[in-house]
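Before any comments, here is the structure.
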Amino acid sequence: MNNSVKILLLVVAVIIAIGGVLLFMKTIVSPPQDLEFKNQYELALNQKIEGFKKVDSDNLEREFATLTDLAHRFKEESSIDDKFFDQEYTEIIGVYSPKFAQYCFGQFQKSVWDESEHKWMEDRIAQLRKLTIEDGSRKIMDNYAESDGRFSIILKTIGKYQEAKSLSNRISYSGLGEARSRISKANQYKQDDYLKNNAALMKALNSLPSRLEASHYAALRAKVNTLANYYSYSTDSYDVLSDNVVAALKEYKQNAQSVYGESRSLSDLEADASRYYNAAVEYYKN
């Protein structure tokens, strides 16, 4: 090989070597162009939310309180910005809401209900519905229509429970029409998918017709007993009173069985009414 070729090859080799060294130096000295720095607080909050998605009902409230407190603390300390807080807080509520609703419906499946929990459920739903983002311009629950709809069912169930319980205690007789209405309403409550699980409520509603009948009978007894006070009435007034008693006794005999599902003999009341009336006739003769 002649000298000129050797010299050319040597020059090429030197150039390649120098280029390799320069490329290596550039890699060592020059910083990465696309290096991305992650906000560790954002990463931590995201990780906590992922864990929260797996929380069971027994730990739901404790973990919810811990997570929301953490999000607020990060925001207050400016560890995360408002936009990220809104995003993550909305997700927290989105995870919590169906779990909370599921817990509530689970309580409605039990045979014994804790009324103090009803108040807590109502307060919690009110709290969730008030939560806002974007400086109060948007309600968080607007993003979760399905869960909010379940909240409405929960509130309605609690309301119906309170109404049904109140109805079961309204046993004072105030007319057959009112008795029919109460019993009809009680039968509606007994068919409710959730109320029917409450053993105490069902017992009270089932016994309502019998208790109304007893109240009706007691009202008849009191009405008959007023006939004993004939000395307090004029003849005409007493006749009106007597006619009202007879009509009331007749009304009971004709309707009690169909309204209450039971009735009792009125022979004792009729005997007393007749005795009082005869005594009044003798009294007015004198």
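From the list Ser57, Ser78, the lone residue that is within 22 Å of the chain's Cα centre (by Cα) and surrounded by fewer than 16 Cβ atoms within 10 Å (Cβ to Cβ) is Ser57.
Contact map, the stretch 139-151: residues that are touching a residue at least 40 places away in the same chain (Cβ under 8 Å) paired with residues that are surrounded by fewer than 18 Cβ atoms within 10 Å (Cβ to Cβ) and aliphatic (A, V, I, L, M), Cβ distance under 8 Å, separation 6+ or inter-chain. Pairs shown: Ile140/Leu131; Met141/Leu131.
Taken as a whole, the structure leaves Glu115 outside the set of residues that are open to solvent by 70 Å² or more (accessible area, probe 1.4 Å), closer than 30 Å to Asn255 by Cβ and among the acidic types (Asp, Glu). Among the residues making up the stretch 150-170, those that are more than 19 Å from Lys119 (Cβ to Cβ) and surrounded by fewer than 18 Cβ atoms within 10 Å (Cβ to Cβ) are Asn169, Arg170.
Take the conditions (1) closer than 30 Å to Arg62 by Cβ; (2) within 15 Å of the chain's Cα centre (by Cα); Glu134 misses just one of them, which is (2). Put simply, of Arg170, Arg124, Arg180 the only residue that is modelled with pLDDT of 95 or more and under 30 Å from Lys75 (Cα atoms) is Arg124. Contact map, the stretch 235-246: residues that are of a type in the set (Phe, Trp, Tyr) paired with residues that are open to solvent by 30 Å² or more (accessible area, probe 1.4 Å), Cβ distance under 8 Å, separation 6+ or inter-chain. Pairs shown: Tyr238/Tyr230; Tyr238/Tyr284. Cβ-Cβ distances below 7 Å connect the following pairs, each with a first residue in the stretch 199-228 that is more than 22 Å from Ala279 (Cα to Cα), a second residue that is part of a helix (DSSP H, G or I) and among the polar types (S, T, N, Q), and a separation of six or more residues or different chains: Leu201/Ser168; Ala204/Ser168; Leu205/Ser168; Leu208/Ser168. Applying the criterion of at least 1 residues that are open to solvent by less than 30 Å² (accessible area, probe 1.4 Å) and within 30 Å of Ile153 (Cβ to Cβ) to the helices (runs of 4 or more DSSP H) found wholly in the stretch 178-286 leaves 199-206, 208-225. Among the candidates Arg221, Arg211, the residue that is modelled with pLDDT of 95 or more, closer than 20 Å to Tyr161 by Cα and more than 26 Å from the chain's Cα centre (by Cα) is uniquely Arg211. Of all the criteria given as (1) among the aliphatic types (A, V, I, L, M); (2) modelled with pLDDT of 95 or more; (3) farther than 21 Å from Ala204 by Cβ, the one not satisfied by Ile133 is (2).
As a summary of the residue check, Arg150 satisfies the conditions (1) part of a loop (DSSP other than H, G, I, E, B); (2) under 30 Å from Ala65 (Cα atoms) except for the one numbered (1).
Among the residues of the stretch 52-65, those identified as in contact with a helix residue (DSSP H, G or I) (Cβ under 8 Å, 6 or more places away or on another chain) and in a helix (DSSP H, G or I) are Phe52, Leu60, Glu63, Phe64.
The values are calculated or read from the model by the stated rules, or taken from the named source; none is laboratory data. Please read these numbers as outputs of a predicted model, since none were measured by experiment. Cβ atoms come from the backbone with ideal geometry, glycine included; neighbour counts cover every protein chain shown. Areas reflect the complete protein model, heavy atoms only, side chains present, ligands, DNA and RNA absent. Shrake-Rupley method; radii C 1.70, N 1.55, O 1.52, S 1.80 Å.
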